[in-house]
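The values are calculated or read from the model by the stated rules, or taken from the named source; none is laboratory data. If you're wondering where the values come from, they're calculated on a predicted model, not measured in any experiment. Virtual Cβ from ideal backbone geometry, glycine too; neighbours counted across all protein chains shown. The area values use the complete protein model at the heavy-atom level, side chains included, leaving out ligands, DNA and RNA. Shrake-Rupley method; radii C 1.70, N 1.55, O 1.52, S 1.80 Å.
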Amino acid sequence: MTASPALSGLGTRLRHLLDELEADVATLYPAVGLDDYRPRFTPVVRALVALGPSPIRDLARAISVTHSAASQTVGQMSRRGLVTLEVGADARQRVVHLTPRARALVPVLEAEWAAVEGAREELEAELPFALSELLTAVEAALRRRPFRDRVAESARRLPGPLRARLDEYDGRR
């Protein structure tokens with residue numbers, strides 16, 4: 001059953017779309033010997049292949065996720081024997097290394113990445129505009145002006161308690 005866009009917020013719809021895309025890709029993994037692998041691991045593997053051993057902070061930046069998200073993904077990968085963590089320049093820093101097991105998977109992952117990119121191109125051909133271009137444009141717009149600022153401004157145009165509370169909150173900052 002498809003949810004009504006009128007009842008689902010933007011974040012809910014985006015998460016649902018991402019969940020669907022990742023779940024569909026993951027269903028193919030057992031056929032290529034990736035039984036205990038998740039789609040979210042591939043950007044980390046690709047970054048480590050390109051950059052070499054890297055601190056989690058650098059990985060997060062390279063794959064455009066939060067430090068927390070990168071740390072959680074690296075933790076899952078470590079439990080599956082795909083990466084190891086070593087102490088970095090200071091005791092707080094952890095440097096991520098691919099294991100031999102992960103390195104052995106790189107050819108399959110590169111082929112999987114190419115297949116996913118081909119599927120993305122095919123999907124975009126059916127759309128009235130390129131999804132990848134739209135995402136780039138949205139990211140740029142949010143760098144110029146964060147969504148929080150946009151929501152706050154929208155709320156201030158509405159009558160009622162939300163506006164008053166935002167004004168009060170901003171007065172305390």
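Relative to the longest principal axis of the Cα atoms of the chain, the long axis of helix 131-144 lies at roughly 60 degrees.
Sort the stretch 23-89 into rounded, prolate or oblate with this rule: let a ≥ b ≥ c be the square roots of the eigenvalues of the Cα gyration tensor; rounded if a/c is under 1.5, and if a/c is not under 1.5, prolate when a/b is larger than b/c, oblate otherwise. Judged from the Cα gyration tensor, the stretch 23-89 comes out prolate (a/c at least 1.5, a/b above b/c).
For the stretch 1-157, the relative contact order comes to 15 percent (Cα pairs under 8 Å, sequence separation of at least 6).
Each of I63, I56 has its accessible area taken with a 1.4 Å probe; listed largest first, they run I63, I56.
Size descriptors for the stretch 62-158 (Cα atoms only): Rg and Dmax, in that order, 19.3, 57 Å. Solvent-accessible surface of the chain, averaged per residue with a 1.4 angstrom probe and all protein chains in place: 70 square angstrom.
Rounded to the nearest 10 degrees, the inclination of helix 67-79 to the longest alpha-carbon principal axis of the chain is 30 degrees. Evaluating 6.51 cos²θ - 1.76 cosθ + 1.60 at θ = phi - 60° for every residue in the stretch 122-128, the Karplus couplings come out as 5, 4, 4, 5, 8, 8, x Hz, glycine and proline recorded as x.
Between the Cα long axis of helix 161-172 and the first principal axis of the chain there is an angle of about 80°, rounded to the nearest 10. The order of H16, H97 by accessible area, most exposed first and with a 1.4 Å probe, is H16, H97. Against the criterion of solvent-accessible heavy-atom surface with a 1.4 angstrom probe, L134, L98, L59, L28 sort, most first, into L28, L134, L98, L59.
With a cut-off of at most 13 other beta carbons within 10 Å, and DSSP calling the residue loop, which trypsin sites (Lys or Arg not before Pro) in the stretch 49-124 qualify? Please list them. Counting only loop positions with at most 13 other Cβ atoms within 10 Å, the trypsin sites (Lys or Arg not before Pro) in the stretch 49-124 are R92.
Over the stretch 19-162, with every protein chain in place, what whole percent of the accessible area is carbon and sulfur at 1.4 Å, could you tell me?
Working: 5410 of 9200 Å².
Reported share for carbon and sulfur atoms: 59 percent.
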